[in-house]
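Q: Let me begin by handing over the structure; questions about it come next.
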Amino acid sequence: MIKQLVAVMATGLILLSYFLFYGNRSVPIDSRRDTTLSTRFNTLVWADEFDGDGAIDSDKWFHQTQLPPGGSWWGGLIQHYTDREVNTYVKDGHLNLLAKKETFEHQGEIKQYTSARLNSKFAFTYGRVEVRAKLPEGVGTWPAIWMLNKNINEDGAYWDNQGFGTVNWPHCGEIDILEHWGKNQDYVSSAVHNGSSYGYKVKNLGGQTIQSASNAFHLYSLEWTEDKMVFSIDGVTHFQYHPSVKNADTWPYDSPYYLIFNIAIEPDIDPKFSESAMVVDYIRVFQ
């Protein structure tokens, strides 16, 4: 009887110790993965957890700052993208891309807003992308997490600088994992651009309204296979691209793509806008 009592007490002490040690610890980041996603891609091949504080990891990211011909970004956007830490920094384990209202001169052009545009120094074909993020807010803000073909002919882009730029947009292909317009708060959309559908008249798109896009983290996901692309938020699918005919116009999605984070500023920006950030907890690519 004494031996049984000692065994019970020992077991209780072990359970109590386990609870005290683990019970108040934060949940490991991997346990936040959305289990509703496909299990086809389960090998982590590239990621940034944005640990630490200070500048971003220059081994993983490139600041794209060169203005297109004409002195403004396409679509009449009115911001400068900079490589300054004030616009792109890591703090408390999160990436912050900060759009600011400020007078800034660069490349002979004076603009009243600054932001950042990051190119990944990693490119891949097929897989699952997961990004946990909060989006900036304010009428006129236009944040995006998206992908371009490594072969895009775009002066100033990382892969073009490496000699890969051979195909003009939209024929190179574009994959928009998420876009959010501050004038339509909490509606998040995804799209694909290619030779058959592109620009402001793109027809291959879909989206959904979510709660607190700018005040809470959400999991934005892309599943990309040889046959189709599936776009989801928190495990809820809002768009699939699966063309019945795959050719150079409809499916330039069989070669490596790289990732882009940016916040653009539209001409109708709220005059009271001061600053707002896209905050990214992590980005992960699985194959």
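The values are calculated or read from the model by the stated rules, or taken from the named source; none is laboratory data. What you see is a predicted model, and the numbers here were worked out from it, not measured in a lab. Because the Cβ atoms are built from the backbone with ideal geometry, glycine has one as well, and the counts that use them run over all protein chains shown. What goes into the accessible areas is simple: the full protein's heavy atoms, side chains included, and nothing from ligands, DNA or RNA. Shrake-Rupley method; radii C 1.70, N 1.55, O 1.52, S 1.80 Å.
Q: Can you pull out every residue in the stretch 91-107 that is assigned to a strand (DSSP E or B), more than 15 Å from the chain's Cα centre (by Cα) and not basic (K, R)?
A: A99, E102, T103, F104, E105, H106
Q: Additional query: Go through the stretch 236-252 and give me each residue that's of a type in the set (S, T, Y) and touching a Ser or Thr at 6+ places or on another chain (Cβ under 8 Å).
A: Of everything in the stretch 236-252, just one residue is of a type in the set (S, T, Y) and touching a Ser or Thr at 6+ places or on another chain (Cβ under 8 Å), namely T250.
Q: Cβ-Cβ below 6 Å, separation at least six or inter-chain, first residue in the stretch 140-158 and closer than 26 Å to V230 by Cα, second open to solvent by less than 10 Å² (accessible area, probe 1.4 Å) and of a type in the set (D, E): which pairs?
A: Close Cβ pairs (under 6 Å, with a partner that is open to solvent by less than 10 Å² (accessible area, probe 1.4 Å) and of a type in the set (D, E)) amount to W146/D176.
Q: Something else now. If F104 satisfies all but one of (1) in contact with an Asp or Glu (Cβ under 9 Å, 6 or more places away or on another chain); (2) free of Cβ contacts under 8 Å to residues at least 40 places away in the same chain; (3) of a type outside the set (D, E, K, R), what's the number of the condition it fails?
A: (1)
Q: When you scan the stretch 213-234, do you find a residue that is surrounded by fewer than 16 Cβ atoms within 10 Å (Cβ to Cβ), under 18 Å from the mean Cα position of the chain (by Cα) and polar (S, T, N, Q), even just one?
A: yes
Q: So, one more: Would you check if there is a residue in the stretch 92-107 being out of contact with any strand residue (DSSP E or B) (no Cβ under 9 Å at 6 or more places or on another chain) and under 30 Å from Y241 (Cβ atoms)? Full working, then the answer.
A: Residues of the stretch 92-107 that are out of contact with any strand residue (DSSP E or B) (no Cβ under 9 Å at 6 or more places or on another chain), as a first pass: 92.
Narrowing the set further to residues that are under 30 Å from Y241 (Cβ atoms) leaves none.
Within the stretch 92-107, not a single residue is out of contact with any strand residue (DSSP E or B) (no Cβ under 9 Å at 6 or more places or on another chain) and under 30 Å from Y241 (Cβ atoms).
Q: Restricting to the stretch 157-194, and then to whatever is within 28 Å of G138 (Cβ to Cβ) and aliphatic (A, V, I, L, M), can you tell me which residue is farthest from the chain's Cα centre (by Cα)?
A: That would be A157.
Q: Six or more apart or on different chains, Cβ under 8 Å: which pairs go from a residue in the stretch 40-58 that's in contact (Cβ under 8 Å) with a residue 60 or more places away in the chain to one that's surrounded by fewer than 18 Cβ atoms within 10 Å (Cβ to Cβ) and of a type in the set (A, V, I, L, M)? Could you list them?
A: E49/I29
Q: Filtering the stretch 41-70 down to residues that are among the small types (G, A, S) and part of a loop (DSSP other than H, G, I, E, B), which residue is nearest to F286 (Cα to Cα)?
A: Top of the filtered list is S58.
Q: Please go through the stretch 196-209 and give me each residue that is open to solvent by less than 20 Å² (accessible area, probe 1.4 Å) and either touching a His at 6+ places or on another chain (Cβ under 6 Å) or closer than 16 Å to E130 by Cα (or both), ordered by number.
A: Within the stretch 196-209, the first condition is being open to solvent by less than 20 Å² (accessible area, probe 1.4 Å), and the residues that meet it are 197, 206.
Result: G206, single match.
Q: Among strands (runs of 3 or more DSSP E) lying entirely in the stretch 108-173, which contain 3 or more residues that are open to solvent by less than 10 Å² (accessible area, probe 1.4 Å) and closer than 30 Å to K272 by Cα?
A: Values: elements: 109-115, 117-124, 127-134, 141-149.
Answer list for the stretch 108-173: 141-149.
Q: Just give me the residues in the stretch 71-101 being acidic (D, E) and touching an Asp or Glu at 6+ places or on another chain (Cβ under 9 Å), in sequence order. Break it down into steps so the answer makes sense when it comes.
A: Of the stretch 71-101, the ones acidic (D, E) are 83, 85, 92.
Within the stretch 71-101, D92 is the sole residue that qualifies.
Q: Also: Among the residues of the stretch 180-195, how many are out of contact with any Phe, Trp or Tyr (no Cβ under 7 Å at 6 or more places or on another chain) and surrounded by fewer than 21 Cβ atoms within 10 Å (Cβ to Cβ)?
A: So the answer is 7.
Q: All but one of (1) within 18 Å of the chain's Cα centre (by Cα); (2) more than 30 Å from E102 (Cβ to Cβ) hold for V245; state the number of the condition that does not hold.
A: It fails just one condition, (1).
Q: Sticking with this one: Looking at (1) out of contact with any Cys (no Cβ under 7 Å at 6 or more places or on another chain); (2) outside any strand (DSSP E or B), find the lone condition where P252 falls short.
A: For P252, the exception is condition (1).
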